[in-house]
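Input: a single structure, listed below in structure tokens.
The values are calculated or read from the model by the stated rules, or taken from the named source; none is laboratory data. This one's a predicted model, so the numbers in the text were calculated from it and none came from an experiment. Here the Cβ positions follow ideal geometry from the backbone for every residue, glycine too, while neighbour counts run over all protein chains shown. Just so you know, the surface numbers come from the protein's heavy atoms only, side chains and all, with ligands and any DNA or RNA stripped out. Shrake-Rupley method; radii C 1.70, N 1.55, O 1.52, S 1.80 Å.
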There are 4 protein chains.
Amino acid sequence: MTSAETGPVRVTVWGENRHEQIEEHVAKIYPYGMHAAIADGIRENLGDGCTVRTATLDDPEHGLTEDALAQTDVLTWWGHAAHAEVADEVVERVHRHVLSGMGLVVLHSGHWSKIFTTLMGTTCTLRWRSEHDRELIWTVDPTHPIARDVPHPLIIEEDEMYGEFFDIPAPEELVFISSFTGGEVFRSGCTFRRGHGKIFYFRPGDQDYPTYHHRGVRKVIANGVAWAAGDRSAREYPTLLRYDTGDFFHGQGYRGPLQ
Amino acid sequence: MTSAETGPVRVTVWGENRHEQIEEHVAKIYPYGMHAAIADGIRENLGDGCTVRTATLDDPEHGLTEDALAQTDVLTWWGHAAHAEVADEVVERVHRHVLSGMGLVVLHSGHWSKIFTTLMGTTCTLRWRSEHDRELIWTVDPTHPIARDVPHPLIIEEDEMYGEFFDIPAPEELVFISSFTGGEVFRSGCTFRRGHGKIFYFRPGDQDYPTYHHRGVRKVIANGVAWAAGDRSAREYPTLLRYDTGDFFHGQGYRGPLQ
Amino acid sequence: MTSAETGPVRVTVWGENRHEQIEEHVAKIYPYGMHAAIADGIRENLGDGCTVRTATLDDPEHGLTEDALAQTDVLTWWGHAAHAEVADEVVERVHRHVLSGMGLVVLHSGHWSKIFTTLMGTTCTLRWRSEHDRELIWTVDPTHPIARDVPHPLIIEEDEMYGEFFDIPAPEELVFISSFTGGEVFRSGCTFRRGHGKIFYFRPGDQDYPTYHHRGVRKVIANGVAWAAGDRSAREYPTLLRYDTGDFFHGQGYRGPLQ
Amino acid sequence: MTSAETGPVRVTVWGENRHEQIEEHVAKIYPYGMHAAIADGIRENLGDGCTVRTATLDDPEHGLTEDALAQTDVLTWWGHAAHAEVADEVVERVHRHVLSGMGLVVLHSGHWSKIFTTLMGTTCTLRWRSEHDRELIWTVDPTHPIARDVPHPLIIEEDEMYGEFFDIPAPEELVFISSFTGGEVFRSGCTFRRGHGKIFYFRPGDQDYPTYHHRGVRKVIANGVAWAAGDRSAREYPTLLRYDTGDFFHGQGYRGPLQ
């Protein structure tokens, strides 16, 4: 067991941080940015069990340098208006770290981010409406650690609506299903494993609503961070290796397809 | 029910067709190319239930034009030495057709093709050895249509070895598991659904062995084609749409993230 | 391919048929019994592709003799008030046939039947309310044959409400999710495989509402029957067998645990 | 968070303890009983993180009284020769506790125990041979906590062979796949969730071999115990409840099916 496994979970909360600068009503709800509220919610729940830093789109390399990711056990991702501005090079770097074992928690409109669609292999599209629907989040897997101490249902008085069909691969674990005032439903809490990394998608959190101040939403995000942290042993990228007969432990690097 | 649903399954067998031209021992096993043997195996099993054409890397646009894909219910994919030569534009086109409902059967070294890694979101790497291992393919889901009339186990006297860890998302249905002379195991028959498309990965088939002349292997590939054909109703790409409250059927196109 | 595989699917629609005799308002909706309406809906959709007989609780051996089951490719099950009156011997017989390859479609309050709870291993309990909620049934797996030609959403003007937590094993395929006027959600279309048999659970259909006259509900049930029919090769009960080294095909019967 | 969640995991290791008394060669390998070796392996790995007691078939009520189960976070189960002697009343009690949240780790021939077949709903049969096959256990889900610090592959020099088809529901998480000298394969590490309980099945451990002295096998069992412990909040049996419209939190007891 490495010290990393027993030490606090090192979290990087990534926020696009554009709506907060452009739209006054968003800035009022989140005066320090949505990422600050998300970070507060994680600290509030995990306490000494985590260290949290934030990073935003406008930071150099979006605040996601090789070194920053190497020091991150779990990355949370909120983006919306500027998915296209995220550099492909950074997306590839994050992708590599996830497949190597870094946890990833994707929030709300992050469903359409480059990193999430790359990991899913699908369009990640859905139906939507931002008209103050009430959202009820129901637990369908009560044994899951992400559902621990979460009310059933979790009630969000108003938020944007997301509805099915949500074009994702079938989740490995479906933890939550939401309904909305208008009658739509959504698979709102989903886990996936890719390479050595664990991924949790959680639906709530449009910029127009104070969702990331909601106690229950913060609880779920913190649970998701703790779950996605995995075992945090040395990061390892899956690699094609040749093995001699009878030797199970000494793989040899690939030298090309033709003899 | 459209005529497409009741008519024969329209199959395109795609072959890289390079080993057959470069390596004499491969050409001896597959004088008309590996794709021809795969196509024969599908016809042998599905008979009037299919129409099969072939396409190869060196065809214009790799034989995978927009029109060709629109006329294809299921595409099978074998590539190995020249994954990098497949044009990104064609990969994007195939990806779009799969998400819109075209079936895809990925064979053997196609695990490392651009289209498969794009759909999976992972590295799709594995352990391997080409040393004439015997492969035993065991059915672990006897209810699955792809396992119908397949011996348990299916015995391949010699083929390349592929071993775990195979870096793919957990299959939605695990149909077959292989073991090899050396003791390695592999999830060798896996299904996935992405968008409106169905995907089947089947392991056997290195170019150095006569695997695609094997009666049982041909049976599985044909079963996989029939399964992946899906319902073949009009192809539809998943799209982000806004819905008014109370209107479930008339989505409106997306106009951007900012009000 | 046996003749059974190409011939029509032989369906037995089982109905408890008690509410229809005891409660006048139910008899008005279903003058020939709920089972008759369900049978009509299957015939309406599968036509010559099926032969349908009905059986009820009050028939000798509940109409589910060894011979009747041997001649049944798919059994549908609706029960509610009299689960306890179903003889254990008959439940064991049905269980054996499902594990041997007979398809099973469980409807609505059949969730609490002896056969379904035996197959699931859980309580199969849920939350409920019979207060004329509108039900919206959303497709979350558009590639699934059971969802073929089903409106998205499927709207049922009024029916009983079933809500989560529904105590079942995680479905192997989650096809439909329902929402209700009151805001509850339910995993309303679920598939399971047990032994050599395929099982589909579909939620709608309380006796107090005309749900089994609903065109869309009938479509789903018929799709479920077609899916559950499986390959209908010879029925085979999974059995513990000993195999000598190198002999993969000649299992020997078990003779007990001690040497 | 209750004190139970932060305190050590309370484990009951249940052993049939018959072979050890009847067969001298088993008694030599396990002089204090197989259950003692299993218990030692858990203590060896979890240390202060667990308290372990053992119980056997010949104890009053098999050592599984209501009070004993209420004080157990995770139960491990090894049985073989005397499955039929386990009292149905005790099986029902254990079943109720699992569905209410107690973890369960089923070992080797426990696959055919009353409690496991009841939870699975299938025959749980398989193919087998006790002829000193070498077993290789491969990790196919490297993100899973049960696979943490487990060699890939885990090598057991000799043990009984179990082969597919293993008649269980598709595991929710497939963690390990085994191969054997004879070429058979087996899904040897499987997780299931039933009700509020988590279940782990792990294959190795025939009484004729010293498998439970194997360091790696002990590691996996301990990991399985830690995983199955769940959140250990108050035990709760899933119950059918009626909810008024708009009241999500006050369910009413069921009063019968007829008005």
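Charged side chains reduced to their Cβ positions (Lys and Arg at +1, Asp and Glu at -1) give the protein assembly as shown a dipole of some 0 debye around its Cα centre. Figure legend: label point modelled 7 angstrom from the Cα of D:Y254 along Cα→Cβ; residues of region C:12-27 with amide N under 18 Å from it are C:16-19.
Find, among the residues of chain C, the one whose Cβ sits nearest the axis of the rotation taking C to D; state the distance in whole Å. For chain C, the closest residue to the axis carrying it onto D is C:G121, 2. Calculate the mean, over all residues of peptide B:18-30, of how many other protein chain Cβ atoms lie within 10 angstrom of the residue's Cβ. For this peptide, the per-residue mean of nearby foreign Cβ atoms is 1. For region C:24-140, the spread of Cα coordinates along the three principal axes comes to 40, 37, 37 Å, biggest extent given first.
Ignoring ligands, DNA and RNA, what percent of the 1.4 Å accessible area of the protein assembly as shown is carbon and sulfur? Please list the in-between numbers first.
Numbers: 17740 of 35810 Å².
Looking at the protein assembly as shown in its full context, I get 50 percent from C and S.
From largest to smallest, the equivalent ellipsoid semi-axes obtained for region D:73-177 from the alpha-carbon gyration tensor read 25, 18, 12 Å. Once the Cβ-Cβ distance of A:R134 and A:D48 is raised to the sixth power relative to R0 = 41 Å, the FRET efficiency obtained is 0.70.
Write down Rg/Rh for region D:204-246, rounded to two decimals, with Rg from the C-alpha atoms and Rh from the Kirkwood relation over Cα pairs.
Values: Rg = 19.5 Å, Rh = 14.2 Å.
A ratio of 1.37.
Model label points for C:A27 and B:Q21, set 7 angstrom from Cα along the Cα-to-Cβ axis, are 8.0 nm apart. With label points defined 7 Å past Cα in the direction of Cβ, position C:P8 shows copy-to-copy spacings of 3.0, 6.8, 7.1 nm, given to one decimal and shortest first.
Across the identical copies, the label point of A:K28 (7 Å from Cα in the Cβ direction) is separated from its matches by 5.4, 8.1, 8.4 nm, in order from shortest.
For peptide D:241-250, compute the average count of partner chain beta-carbon atoms within 10 Å of each residue's beta-carbon.
Partner-chain Cβ atoms within 10 Å, mean over residues of D:241-250: 5.
If only the Cβ of Lys and Arg carry +1 and only the Cβ of Asp and Glu carry -1, the dipole of region B:134-221 around its Cα centre is close to 520 debye. Counting only residues at least eight positions apart within a chain, or on another chain, the lysines with an alpha carbon under 19 Å from that of A:K114 are A:K198, B:K114. Take chain C with all the other protein chains still there, run a 1.4 Å probe, and you get 34 Å² of accessible area per residue.
The ratio of the alpha-carbon radius of gyration of region B:179-259 to the globular-protein estimate 2.2 N^0.38 Å is 1.80. Of the whole protein surface, C:M34 contributes about 0 Å² of accessible area at a 1.4 Å probe radius.
Considering only DSSP beta bridges with both partners in region C:43-181, what is the antiparallel share in %, to the nearest 5? Working shown, then result.
On the way: 12 of 16 bridges.
Beta bridges within region C:43-181, antiparallel portion: roughly 75 percent.
Surface listing: A:H35, A:H250 arranged by accessible area from highest to lowest gives A:H250, A:H35, probe 1.4 Å. Take the alpha carbon gyration tensor of the protein assembly as shown, find the square roots of its eigenvalues, order them as a ≥ b ≥ c, and report rounded if a/c is under 1.5; if not, report prolate when a/b exceeds b/c, else oblate. Judged from the Cα gyration tensor, the protein assembly as shown comes out rounded (a/c under 1.5).
Classify region D:1-74 as rounded, prolate or oblate, taking a ≥ b ≥ c as the square roots of the eigenvalues of its Cα gyration tensor: rounded when a/c is under 1.5, otherwise prolate if a/b is larger than b/c and oblate if not.
Numbers: a/c = 5.26, a/b = 1.63, b/c = 3.23.
In terms of gyration-tensor shape, oblate.
Each listed q (0.20, 0.22 Å⁻¹) maps to a log10 I(q)/I(0) for region C:165-220, found by the Debye formula over equal Cα scatterers with no solvent: -0.86, -0.99.
Treating the Cα atoms of chain A as identical point scatterers in vacuum, please give the log10 of the normalised Debye intensity I(q)/I(0) at q = 0.15 Å⁻¹, two decimals. Here log10 of I(q) over I(0) equals -1.06. Which of the three applies to region B:112-259, rounded, prolate or oblate, going by the alpha-carbon gyration tensor with a ≥ b ≥ c and a/c under 1.5 meaning rounded? Here region B:112-259 falls in the prolate category. Mean per-residue shielding of peptide A:51-60 is 0, counting Cβ atoms of other chains within 10 Å of each Cβ.
Relative to the other identical copies, A:E66 shows label-point distances of 4.1, 6.4, 7.2 nm, where the label point lies 7 Å from Cα along the Cβ direction and values run shortest first.
Between the alpha-carbon centres of region B:76-101 and region B:159-230 there is a gap of 18 Å. At the residue level, A:K219 shows approximately 50 square angstrom of accessible surface with a 1.4 angstrom probe and all protein chains present.
Beta bridges from DSSP with both residues in chain B: antiparallel share about 55 percent, rounded to the nearest 5.
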